[in-house]
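The values are calculated or read from the model by the stated rules, or taken from the named source; none is laboratory data. If you're wondering where the values come from, they're calculated on a predicted model, not measured in any experiment. Cβ atoms come from the backbone with ideal geometry, glycine included; neighbour counts cover every protein chain shown. Please note that ligands, DNA and RNA were not included when accessible areas were found on the heavy atoms of the full protein model with its side chains. Shrake-Rupley method; radii C 1.70, N 1.55, O 1.52, S 1.80 Å.
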Amino acid sequence: MDIEALRQSWNQLAVAGPEAAKYFYATLFVIAPETRAMFSADMQYQEDKLLAALGHIITSVDDPDALTTFAHRLGADHRRFHGADSEGRPVQLAERHYIWVGQALLATLEHFIGPRWTPSLRAEWAGAYEAVAKLMLAGAAESEQVAPPFWQAEVINTERRRADICVFTVRPNYLCDYLPGQSLPTQVSTMRTWRYLSPANAPRPDGTLEFHVRAAGRFSTHLVRRLAVGDTLLLGHPVGTALSSYHRAPHRRLLLIAGGTGVAPLRAVAEELQQGSGRPTTLVVGGRTPDDLYDHQALLKLAATSPAAVWSASRGEQWLRYVPTVELGWGWDGHVGRAVDTALRLGSWTDADILVCGSPAMTRATVTALTASGVGPDRILTERYDHSLYPPLSAAAGRRRVTSPRQESDD
Ligand code: HEM
């Protein structure tokens, strides 16, 4: 496999930016009209995910181990994308869709690369694409044995905690297995876009899931303003490996630092610890004002419960220390300052594992302050979701952007 030739030609295509994405989808929808229903009605080519991801993944085929794990998971996750036939009946993602996407990819490369598109370069791309597609199909086939392509989840409760924040609970049609800290791709039936939401609860015996959403873009604003009891959402396979890996060193103390709705996955982690080991944990939740601490009551209640196990009790420690902190607050008599500064004032964390979840700016600033205080970078866990890590095609034109599941602005 001539990886260098693949990369060079990909960079050439990436310069075309949204034009290349437009060409790719126009070709795909002509070859295979049934795929149209898989994509958002309002295609925004500058935010394209599939074509951007395709190129970056295919040009990484030189790391077979990483690629196999990743492509298996991606294939399982792709089962949630379903098209529609000419009569509007749902069509499941199958091998033929991979063939069509491959054809559209090759046609796009040929169109934009021009005379430098040679038969041998075409063979390189076709071979690399087929290798990735086969791995994805294998991952999908494996997952078919154990899980549905997606879950249908009925909204059973909604609560507007603030004008722009909604907390809602859904009941999936089958038990949906996830780890606290993971996210689930979520779709509203009236919009074809998928966005990632993290359950705020540890898995429950009745399978219900609580989500926290702040209105920041079209999808989240729709949820905050319009979601009603009885609506149905679709949920895809859980993703994310960083926040959910807090069990890797169970003897260490845990520090959880949250901002905004980043509190959701960290509350799920704390709930799981309460039901399990009762491992000593400090949860610092930061807001600009007290109004931002929209889950304060639930967290106070959680901190007041006893853990199922005796770890903390035997050492005389409180298992969960919940520390709300705000930057500005008239009449606020609690901690004042950014979450990370408050956490560092509580003591040294060099012996702890630390989970951080919030906006990209908050996460970056928190990690910088923690490492400056002497915490090893390997002790800090923040979620990075590989699927969305690929810069859009216009990256080569200098508009790099990296998103992660909970943090992307969803317009
Ligand atoms: C080697 C083959 C493929 C690779 C490497 C690939 C990769 C990806 C990746 C990484 C994403 C972004 C996921 C996310 O952020 O949620 C994505 C999205 C998507 N893919 Fe694929 N994919 C492949 C084949 C296909 C095929 C055959 C179809 C169906 C025709 C398909 C349909 C989609 C759709 C509908 C999306 C969501 C697009 C959006 O939200 O804008 N993919 N793909």
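Among the conditions (1) modelled with pLDDT of 85 or more; (2) crowded, with 17+ Cβ neighbours inside 10 Å, Gly278 misses just one, which is (1).
Inside segment 66-75, residues that are modelled with pLDDT under 90 and either more than 16 Å from Lys134 (Cβ to Cβ) or in contact with a Ser or Thr (Cβ under 8 Å, 6 or more places away or on another chain) (or both) make up a count of 2.
Listed here are the residues, each with its yes/no results for (1) modelled with pLDDT of 95 or more; (2) assigned to a helix (DSSP H, G or I); (3) within 16 Å of the ligand (Cβ to nearest atom).
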| position | (1), (2), (3) |
| --- | --- |
| Thr342 | yes, yes, no |
| Leu355 | yes, no, no |
| Val367 | yes, yes, no |
| Leu370 | yes, yes, no |
| Val375 | yes, no, no |
| Ala396 | no, yes, no |
| Arg399 | no, no, no |
| Gln407 | no, no, yes |
| Asp410 | no, no, yes |
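For segment 82-93, give me each residue that is part of a loop (DSSP other than H, G, I, E, B) and either open to solvent by less than 30 Å² (accessible area, probe 1.4 Å) or near the ligand (Cβ under 9 Å from one of its atoms) (or both). Scanning segment 82-93 gives a single hit, Leu93. Please go through segment 118-134 and pick out each residue that is more than 16 Å from the ligand (Cβ to nearest atom) and within 29 Å of Asp65 (Cα to Cα). Across segment 118-134, the qualifying residues are Pro119, Ser120, Leu121, Arg122, Ala123.
Identify, from the list Pro185, Pro149, Pro180, Pro205, the residue that is free of Cβ contacts under 8 Å to residues at least 24 places away in the same chain and either within 15 Å of the ligand (Cβ to nearest atom) or out of contact with any strand residue (DSSP E or B) (no Cβ under 7 Å at 6 or more places or on another chain) (or both). Every option except Pro205 fails the conditions.
Taken over segment 166-214, residues that are in a loop (DSSP other than H, G, I, E, B), among the hydroxyl-bearing types (Ser, Thr, Tyr) and touching a Pro at 6+ places or on another chain (Cβ under 9 Å) amount to 4. Considering each residue of segment 23-34 in turn, none proves to be open to solvent by less than 20 Å² (accessible area, probe 1.4 Å) and either within 20 Å of Phe150 (Cβ to Cβ) or away from the ligand (no atom under 12 Å from the Cβ) (or both).
If you go through segment 3-12 and pick out every residue that is over 27 Å from the mean Cα position of the chain (by Cα) and surrounded by 14 or more Cβ atoms within 10 Å (Cβ to Cβ), you end up with 6. Across segment 62-77, not a single residue is classified as in contact with a Phe, Trp or Tyr (Cβ under 7 Å, 6 or more places away or on another chain) and closer than 16 Å to Pro149 by Cβ. Return yes or no: is Ser189 more than 18 Å from the chain's Cα centre (by Cα) and modelled with pLDDT under 95? Yes; evaluated as a whole, the condition is true for this residue.
If you go through segment 99-143 and pick out every residue that is among the polar types (S, T, N, Q) and surrounded by 15 or more Cβ atoms within 10 Å (Cβ to Cβ), you end up with 3. Of all residues being of a type in the set (S, T, N, Q) and within 29 Å of Phe39 (Cβ to Cβ) in segment 184-216, which is most open to solvent (accessible area, probe 1.4 Å)? Just the residue, please. Selected residue: Thr190. For the residues Leu67, Leu54, the requirement of being closer than 22 Å to Trp125 by Cβ and more than 9 Å from the ligand (Cβ to nearest atom) singles out Leu67. Take segment 159-183 and flag every residue that is open to solvent by 50 Å² or more (accessible area, probe 1.4 Å) and of a type outside the set (Asp, Glu). Across segment 159-183, the qualifying residues are Arg160, Arg161, Ala163, Arg171, Asn173, Tyr174, Leu175, Leu179. Filtered by the rule that a residue be open to solvent by less than 40 Å² (accessible area, probe 1.4 Å), part of a helix (DSSP H, G or I) and not hydroxyl-bearing (Ser, Thr, Tyr), segment 223-246 gives Leu223, Val224, Leu243.
Set side by side, the residues Met43, Met38 differ, and just one is among the hydrophobic types (A, V, I, L, M, F, W, C), under 20 Å from the mean Cα position of the chain (by Cα) and within 11 Å of the ligand (Cβ to nearest atom), which is Met38. Among what's in segment 263-286 and is in a loop (DSSP other than H, G, I, E, B) and of a type in the set (Gly, Ala, Ser), pick the residue that is farthest from Ile165 (Cα to Cα). Here the residue is Ser277.
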